[in-house]
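Report on the structure given below.
The values are calculated or read from the model by the stated rules, or taken from the named source; none is laboratory data. Quantities reported herein were computed from a predicted structural model and do not represent experimental measurements. Counting neighbours? That spans all protein chains shown, and the Cβs are built from the backbone with ideal geometry, glycine included. Just the protein is used for accessible areas: all its heavy atoms, side chains included, with ligands, DNA and RNA removed. Shrake-Rupley method; radii C 1.70, N 1.55, O 1.52, S 1.80 Å.
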Amino acid sequence: LAAALQDAGRAGLVRVEVVVVRLVLGPRAIAQDLQAFAVVGRPAHQVRNARRIRNLDALFQPRAVAVIGASDRPRSVGAVVFRNLLEGGFAGPVWPVNLKRDTVAGRQAWASVDALPGVPDLAVICTPAPTVPGLIADLGRLGCRAAVVLSAGLKHADRPGGPTLEQQMLDAARPHLL
C-alpha cells in the first residue's frame, strides 16, 4: 500500500478535497514510510478545490490517543478499544474520556476532550452517532489531527430533510483539517 501511494505521488494522482477511508487492517499492516497521500485515479490538477491529504502520521503513528466513550462495561466498544490499546503495547499516553466516570480500567478518566491533559494526535470515538459531529468539532478546536469513529447510524439525518450525521461530521472536521 505504501509503495502504491508513493508511486501515485510521483504520478501526480494525490489530491482530493475530502476522503473517507474505511480500513480493515491486521497488526502492523501499514508500512512506517506511508506517505500522506490518497490515490483518486485522476491527476491532481483535475480535482476541483484539491487539498493534500494530511495527518496520516497521526492516524498510523500517534504519540497520544484519546478514547472517547471508554468504559468498564464488559464487551462494550469503548471498553474493548481502551483495553486493546493498553494491552497492545502502545507506548504513548492513552486517555479515557467518559462523561459519567472518574476512572476507567483503574485509570483517571476525563469528562470531556477539553479537560484532557494534552492534545491527542488520534481520537477513537466510541459514542452514539448523534454525539459525533460535536465531538469532532471539539477535537478539531483542540488541535487533534485524526479520528477513528466507531459508531453506527452516521448515514441517518438527525432531522427530516437535514444533512446526515456523517456529512455533519465531515463539515465539523473540514475547518480544522481533521
In contact with a strand residue (DSSP E or B) (Cβ under 7 Å, 6 or more places away or on another chain) and at positive phi: which single residue out of Gly143, Gly89, Gly69 fits that description? Gly69
Residue, most open to solvent (accessible area, probe 1.4 Å), within the stretch 113-129, restricted to residues that are outside any helix (DSSP H, G or I) and hydrophobic (A, V, I, L, M, F, W, C): Val119
Among (1) open to solvent by 40 Å² or more (accessible area, probe 1.4 Å); (2) touching a residue at least 12 places away in the same chain (Cβ under 8 Å); (3) farther than 26 Å from Arg174 by Cβ; (4) in a loop (DSSP other than H, G, I, E, B) - the single one Ala91 does not satisfy: (2)
Quick one: Val132 ticks every box in (1) loosely packed, with under 14 Cβ neighbours inside 10 Å; (2) under 25 Å from Ala79 (Cα atoms) except a single one, so which number is it? (1)
